[in-house]
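Only one structure is covered here, and it is reproduced in the block below.
The values are calculated or read from the model by the stated rules, or taken from the named source; none is laboratory data. All values derive from a computational prediction rather than experimental measurement. Neighbour counts run over all protein chains shown; Cβ positions are idealised from the backbone, glycine included.
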Amino acid sequence: MSVENPSVASSKGIVIIGAGLAGWHVIDAIRAKDKDIPITLVTADSGDRYHKPMLTMAISQKKSAADLVRATGVDAAEAANVKLLANTQVTDVDTTTQQLQLISALRSDPANTDYATISYGKLVLAMGAHPIFPKSLPEDLVWHVNHIERFGQLQEKLATGSQHVAIVGAGMVGTEIAEDLLKAGHQVTLIDLNDAPLSQMLPPKATARIAQAVKSQGINFLGGYQVSGITRISDDSDGKLQVTYEALASASNSMNAEPIEPLIVDHVIASTGLTVDDKLPAAAGVEFNRRTGIVVDAPTLRTSTANIYAIGDCMSIDGVPCRYVAPLRAQAATIADDVLGLEHNGYEHKPPMIRLKNKAISVMVTGVPQATGNWQVKTESDEELVMDLLNDSDEVSATLTIKLPPSVRA
Ligand SMILES: Cc1cc2nc3c(=O)[nH]c(=O)nc-3n(C[C@H](O)[C@H](O)[C@H](O)COP(=O)(O)OP(=O)(O)OC[C@H]3O[C@@H](n4cnc5c(N)ncnc54)[C@H](O)[C@@H]3O)c2cc1C
């Protein structure tokens with residue numbers, strides 16, 4: 001099925017906003033139960049199907065963005081009997097008339113005035129979350145790896161030879177992409193506010209090992225520093241960037257009064273977290289928190305507004321965002337049953353196992369980890385660290401297992 005003109009209004013069926021893993025999972029789940037109900041997929045991108053976790057492994061595996069596409073949006077929509085409105089952004093939701101306002105998302109459409117209105121019977125919000133760009137990381141100077149299109153542009157720039165890349169933010173994505181770029185032959189500096197990677201989810205005893213593994217690999221890890229500014233040092237739009245950064249007063253390195261030489265790098269990647277755009281949730285009147293996303297009723301994935309569901313990076317369950325792939329299949333199956341009016345047992349949320357994809361160190365976590373709390377060591381040796389996080393009732397709420405290969409042991 002070809003991409004249709006958005007100005008042609010769809011009949012009232014199911015409309016899904018967003019063609020990431022969440023949106024496509026919902027389509028698969030509905031089509032497994034009903035081959036015919038009208039589904040419209042509206043997405044700001046091309047709708048191509050790809051596995052986003054691959055973005056932190058692809059460069060060292062020499063896989064281009066095109067290699068990662070499993071099916072183009074057009075082909076996938078045709079196969080699933082879905083009307084695809086690609087390169088189309090939803091700008092407004094009217095819950096009284098159950099209509100959506102659309103514009104062209106193509107930058108080549110200067111006025112973005114291609115307004116159209118479509119109706120929905122049931123609406124699924126699967127619009128993901130956006131990277132946060134702090135003021136010191138201007139969006140026009142830094143990259144992110146939260147979408148295949150932007151990732152593909154970065155990959156093209158990096159294909160010209162070994163370069164120096166600064167990565168700001170050592171959460172899971174920053175720590176993974178740092179290793180991937182290093183393996184691909186680039187010089188990598190990883191900068192974080194905290195003394196060690198993954199410090200926002202794991203205790204210092206564990207993150208110290210991760211820092212050691214990352215450094216011993218050859219990544220220049222700068223922990224306890226804040227990037228204060230980025231400037232391009234030539235007029236050339238591909239010219240080098242100067243990254244100024246300073247020690248945080250709270251960090252262990254703050255006693256070092258030496259002025260810090262700025263870094264001169266070819267590229268900066270921001271991996272400083274995600275936020276959910278409030279525009280559509282506000283228009284739809286759904287219960288919403290900017291940091292954690294759209295609130296859903298866990299057993300049904302319904303939002304607080306009738307006929308509207310949410311799934312994926314844009315939603316949260318019990319105040320916790322769940323930005324992982326594993327739960328999507330079961331969540332999508334529940335949404336499918338619920339929108340089709342079928343009996344179901346209700347979605348039961350289980351936090352997925354979290355696994356860092358780095359090879360220099362194996363980090364696995366079950367449960368819901370947090371940096372602070374009553375973490376207890378179960379096993380501790382040069383090779384392995386196992387810790388449990390105990391809640392107020394002394395029950396295990398998370399378990400962390402770290403294994404170090406011999407090459408990075410102390
Ligand atoms: C680099 C990286 C590595 C990862 N690795 C792992 C991993 O190893 N394991 C794991 O479990 N998880 C991993 N994740 C997380 C996982 O990939 C995400 O949780 C998941 O892909 C989110 O899918 P989504 O469909 O909710 O969002 P997205 O993929 O962000 O899709 C959102 C879609 O909505 C569209 N959209 C947004 N706004 C609008 C609008 N107004 N109108 C129309 N369309 C709109 C966008 O164009 C896009 O198509 C990783 C994430 C990243 C970034």
Could you grab the pairs with beta carbons closer than 6 Å, sequence gap of 6+ or different chains, first residue in segment 68-97 and without any contact (Cβ under 8 Å) to a residue 60 or more places away in the chain, second one more than 14 Å from the ligand (Cβ to nearest atom)? 80/31
Search segment 92-149 for residues being in the same structural domain as residue 53 (by TED's automatic domain parsing) and among the basic types (Lys, Arg), and hand back the single one that is modelled with the lowest pLDDT. 107
Restricting to segment 60-85, give me the number of residues that are under 29 Å from residue 173 (Cα atoms) and within 11 Å of the ligand (Cβ to nearest atom). 1
The conditions are (1) away from the ligand (no atom under 14 Å from the Cβ); (2) touching a strand residue (DSSP E or B) at 6+ places or on another chain (Cβ under 6 Å); (3) touching a residue at least 24 places away in the same chain (Cβ under 8 Å); (4) under 30 Å from residue 102 (Cβ atoms), and residue 337 fails exactly one of them. Which is it? (2)
If you check residue 200 against the conditions, is it within 16 Å of the ligand (Cβ to nearest atom), within 23 Å of residue 225 (Cα to Cα) and among the polar types (S, T, N, Q)? yes
Residue pairs, Cβ under 6 Å, 6 or more apart or interchain, first in segment 27-46 and modelled with pLDDT of 95 or more and within 11 Å of the ligand (Cβ to nearest atom), second of a type outside the set (Val, Ile, Thr) and not in a loop (DSSP other than H, G, I, E, B). List them. 41/84; 42/85; 44/89; 46/73
Being within 11 Å of the ligand (Cβ to nearest atom), in contact with a strand residue (DSSP E or B) (Cβ under 9 Å, 6 or more places away or on another chain) and assigned to a loop (DSSP other than H, G, I, E, B): is that true of residue 291 here? no
Residue 292 being in contact with a Ser or Thr (Cβ under 8 Å, 6 or more places away or on another chain), modelled with pLDDT under 95, among the hydroxyl-bearing types (Ser, Thr, Tyr) and in the same structural domain as residue 58 (by TED's automatic domain parsing): yes
Segment 294-339, subset touching a Pro at 6+ places or on another chain (Cβ under 6 Å) and of a type outside the set (A, V, I, L, M, F, W, C), residue nearest to residue 20 (Cα to Cα): 324
Residue 181 versus (1) surrounded by 24 or more Cβ atoms within 10 Å (Cβ to Cβ); (2) more than 16 Å from the ligand (Cβ to nearest atom); (3) hydrophobic (A, V, I, L, M, F, W, C): which is the lone unmet condition? (2)
From the list 122, 157, which residue is under 27 Å from residue 245 (Cα atoms) and away from the ligand (no atom under 11 Å from the Cβ)? 157
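Considering only segment 12-116, give the strands (runs of 3 or more DSSP E) lying wholly within it that have at least 2 residues that are more than 25 Å from the chain's Cα centre (by Cα).
Output list reads 99-104.
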